[in-house]
2 protein chains.
Amino acid sequence: MKGYSKHYYTEFAFADCNAVLKALQPIFQEQGMTETVHNWEDHGYLATYIKKNGSFANLRIHPHGLVLVDLQSYSDCTKGREEVDQLLNKIEERMKELFHGNIKRVKRLPAILRGDVIDRYWPTADGRLVEYDIDEVVYDEDSPFQNIKILHSKQFGNILILSGDVNLAESDLAYTQAIMGSGKEDYTGKEVLILGGGDGASNIDQMVIDGCKKYMRKTCGDVLDNLNGECYQVLIEDCIPVLKRYAKEGRMFDYVINDLTAVPISTSPEEDSTWEFLRLILDLSMKVLKQDGKYFTQGNCINLTDALTLYEEQLGRLYCPVEFSKETVCVPSYMELYPYKLKKSGECVLINQASLACLEVMNS
Amino acid sequence: MKGYSKHYYTEFAFADCNAVLKALQPIFQEQGMTETVHNWEDHGYLATYIKKNGSFANLRIHPHGLVLVDLQSYSDCTKGREEVDQLLNKIEERMKELFHGNIKRVKRLPAILRGDVIDRYWPTADGRLVEYDIDEVVYDEDSPFQNIKILHSKQFGNILILSGDVNLAESDLAYTQAIMGSGKEDYTGKEVLILGGGDGASNIDQMVIDGCKKYMRKTCGDVLDNLNGECYQVLIEDCIPVLKRYAKEGRMFDYVINDLTAVPISTSPEEDSTWEFLRLILDLSMKVLKQDGKYFTQGNCINLTDALTLYEEQLGRLYCPVEFSKETVCVPSYMELYPYKLKKSGECVLINQASLACLEVMNS
């Protein structure tokens, strides 16, 4: 099930709307398309051309010299694509004739496919439209918490997408490296507490684990086959009571790595419960972190400056003073840059992803 | 000058087209939009809704359960965006009522802006639609060879775009590192010949140099201020006669770095002159490369497997036998993975970009 739409535009210094319409009409009519024209007088024309096979075209002529052409058909095939390209070539030629080559800009955008089995459009954290090279739906399930998709990208490998947000792909070792301190930490003999980890580390959602165990093995290895290993234990439960218990028992860690959620995009920390959650996690984490311990976390897309600034402000409100530093890394599948790191005493690094950000905190 | 269009769709197990049309009509009519309906009988409906201010909507109802809504207006403002969101909310609600929540998928795509001063859409090498966070046109000139744009991206910094192809951004040190051998080479006291280099190294197009010298200083530093330095010389001329002259004079290099052009996408090497150019460059480069010399070059997007395979085949046709290896790196601003490297005697590395590819060749 598909809806193929192709978008095109040209621009002129000045357009006589009627002349443009008269020049382009024959091109559509030659295709056996029937025309309906709306004339706004002061806003130009909309001409709609309809073909018997269910496809149609919109020709929107703006009086200040912008001409937009949208073509939509139900199926997408090589022959159809060629026909569309030929039609656009003809329009371009006719326009160049009409304006004696005096055209400011001509642009054809790649076609958009809607309603296909495979959805290739997963906007970035800052809301930009990006098309992925997805060629297979590997896993698609609804858990009580979220929709879980694992889609295969030709270049990024399997990608985990939770409720529409790209979480991690097999290409994204850079993310894991950054949130572990960019190779500068020696974890030998250290106690490490990892919160979250959509890549198949501990997560409250058993169905994410199930999907990752099977289809994200390049990221999680065999760690999820047995939840208890020689030097690790995976707990599938809410981390808040666990943190509270550890704090009460006085159990302390050298490192806390918070990979639970990105910094919220909302910039109303008093109203948004995600911010409250984030502060609670930070406070509890500081309680279980040794005096010279480090806390690493992710930020969000580097463009979300308001949200990132706000996050840094939250760090000043912790019960214990911390310093932080930040680092920006490029996470291939995010198609954007991203940061964070915190050090309890010392520095607190916000990894901004170029798309991963890191927060490293030290107690002081 | 802008054309703002917003795209939306829902999907159902089965749609009674007429029922959908009847349910959604009032939503558009409440907006004071006038309706024109086309009924294909066997292909569903197209309803066009026109507003007095020049904006319009297309409602395309397919009989197999795909409903597409496209909204288009001339200007883009916060109020307009909110109205569009409200309209889409109402459509979604009404559809859920009609189908008792039995909807397979609902998706809203980020709006597309056409005809704006800033063009944010620069498709990837494999033809995918991606939107960049461009906020400024820094440089835009036509040279006798190409259109040269330097656009500012919030996250990638200044981006050099040659005739619509993203060449390099200030964020893309990974590209330069890969094409120089990923930090594994010791260039001390070595003779290096660099061909091309859109980042402001030698290039036949003086206007690219002019733009880069001024606006891509994070990538080219002060190298272009003086074309002759203590240990380098920049020649702004066609590299083919230069290579021929060097070959005739017997001038030899330890390294040849070819950053002229990506591997052509066309897979008809016999017909495409770019392939011929590429073979000529390779042959001439081998002639000026010392016996244990290395040749580095870029490939193209890792998804263009046919073109990359063909390139590797060309390496087998060189007058001297070479071995090669390849490497894939992520070039942030390319938003795709990309490879190449050749070693004259030894290995020949194709750097596939994740988006840079490298070819390292050694004489043998």
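Annotations for the structure displayed:
- Eigenvalues of the alpha-carbon gyration tensor of region B:32-189, scaled by 5 and square-rooted, set the equivalent ellipsoid semi-axes at 44, 20, 15 angstrom, largest first.
- Set of aspartates and glutamates with alpha-carbon distance to residue B:248 below 12 Å, sequence-local pairs under 8 removed: none
- Among the trypsin sites (Lys or Arg not before Pro) found in region B:223-261, those both in a DSSP coil and sparsely packed, with 16 or fewer other Cβ atoms within 10 Å of their Cβ, are B:251.
- HN-Hα J in Hz across region A:289-304 - Karplus 6.51, -1.76, 1.60, θ = phi - 60°, x for Gly and Pro: 9, 4, 3, 9, x, 10, 10, 10, 8, 8, x, 6, 3, 4, 6, 7
- Placing dummy labels 7 Å off each Cα toward the beta-carbon, the span from residue B:276 to residue A:240 is 7.1 nm.
- Across peptide A:62-71, the mean count of Cβ atoms from other chains lying within 10 Å of each residue's own Cβ comes to 4.
- Which listed pairs, of A:184/B:213; B:154/B:218; A:213/B:96; B:51/B:79, have C-alpha distances above 24 Å, in listed order: A:184/B:213; A:213/B:96
- Note on residue B:190: aspartates and glutamates with a C-alpha under 15 Å away, same-chain residues under 8 apart excluded, are B:230, B:254, B:292.
- FRET efficiency, 1/(1 + (r/R0)^6) with R0 35 Å, evaluated for residue A:36 and residue B:97 via beta carbons: 0.70
- Relative packing of B:156-162, B:79-85, which averages over residues the other C-beta atoms within 10 Å, highest first: B:156-162, B:79-85
- Between residue B:306 and residue B:16, the contour length at 0.36 nm per residue exceeds the Cα-Cα span by 100.0 nm.
- Distances in nm from residue A:233 to the matching label points in the other copies, shortest first (labels 7 Å along Cα to Cβ): 7.1
- Per residue, the convex hull volume that the Cα atoms of region B:81-144 enclose (Å³): 139
- Of all aspartates and glutamates in the structure, those lying under 14 Å Cα to Cα from residue B:326, and not within fewer than 8 positions of it along the same chain, are B:312, B:313, B:347, B:360.
- Nearest-0.05 FRET efficiency for residue B:186 and residue A:247, computed from C-beta distance (R0 60 Å): 0.70
- Shape of region A:3-114, Cα gyration tensor, a/c cut at 1.5: prolate
- Three semi-axes describe the equivalent ellipsoid of region B:133-233; taken as square roots of 5 times the Cα gyration tensor eigenvalues and ordered largest first, they are 24, 17, 12 Å.
Just so you know, all these numbers are worked out from the coordinates, no wet-lab data involved. This one's a predicted model, so the numbers in the text were calculated from it and none came from an experiment. With ideal geometry, Cβ positions are generated from the backbone for all residues, glycine too; neighbour counts draw on all protein chains shown.
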